[in-house]
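What follows is a single structure, written as structure tokens, with notes after it.
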Amino acid sequence: MREKKIAWKNEYKTGVPWIDEQHKHFFTLLKEIMKASRNRALTRKDLLFCLTHLFNHAFYHFDSEEKYLANSKYPGVKQHVASHAKYRSELRAFLASIREQKTDIAQLADRVAAFAQDWLFRHMLGVHKEQKLYLKSGGEKRGDRRR
């Protein structure tokens, strides 16, 4: 897997401070997953720990962000929610795989890291750029300031 430099950049900002803080935390979690995937002494418990943190943060963040976007009347909210649903589904599948004793943990860690990295960059550089333009154009004024 080819790793991208995992660092928050100002270009990722949505203009909504609490969303940006939650997005920054995804970068922290991704760094932890990438580090774990390089550890060939990684245990099932270690990977479960990393994945559970990602799972919990994703569910919290997605719920908050989806409510905010709906309240803001963001026109792409259905597609945004759908992308979050795919992410949730993939995380559930990874969690189910960890529980299977026959699962090769090193290979699963690589898959989780590749998925999380790819999704984060595609989501931050694609979907959130569109959202940022909408919110900057005044859409945010119609929405709730916080969850």
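Please arrange W119, W8 by how many other C-beta atoms lie within 10 Å of their C-beta, fewest to most.
So the residues, fewest neighbours to most, are W8, W119.
Considering only the other residues whose Cβ falls under 9 Å of the Cβ of K13, what net charge follows from Lys and Arg at +1 and Asp and Glu at -1? Working shown, then result.
On the way: positive: K9, K132; negative: E11, D20.
Within the 9 Å Cβ shell, the charges total 0.
What whole number of Å gives the distance from the Cα centroid of region 12-54 to the Cα centroid of region 69-130?
12 Å
Scaled to the compact-protein estimate 2.2 N^0.38 Å, what is the alpha-carbon radius of gyration of the chain, rounded to two decimal places?
Rounded to two decimals, the normalised Rg is 1.10.
Using unit Cβ charges (K, R positive; D, E negative) and no other charged atoms, how large, in debye to the nearest 20, is the dipole of region 81-128 about its Cα centre?
Value, rounded to 20: 180 debye.
Please report the relative contact order for region 16-142, taking Cα pairs under 8 Å with a sequence separation of at least 6, and give it as a percent rounded to a whole number.
Relative contact order, region 16-142: 34 percent.
About its Cα centre, what dipole magnitude does region 16-142 give when the only charges are +1 on Lys and Arg Cβ and -1 on Asp and Glu Cβ, stated in debye to the nearest 20?
My answer is approximately 100 debye.
Which net charge results when you count Lys and Arg as +1 and Asp and Glu as -1 among the other residues whose beta-carbon is under 15 Å from that of T52?
Working: positive: R44, K45, R88, R92, R99; negative: E32, D46, E90.
Neighbour charge sum, excluding T52 itself: +2.
May I ask which residue of L29, Y74, F62 lies farthest towards the positive end of the charge dipole of region 17-78, with charges of +1 (Lys, Arg) and -1 (Asp, Glu) on Cβ and the Cα centre as origin?
In region 17-78, that residue is L29.
Read-outs throughout are calculated quantities, based only on the coordinates presented, and are distinct from any laboratory measurement. Computed from a predicted structure; not experimentally measured. All Cβ positions, glycine included, derive from the backbone under ideal geometry; neighbour counts span all protein chains shown.
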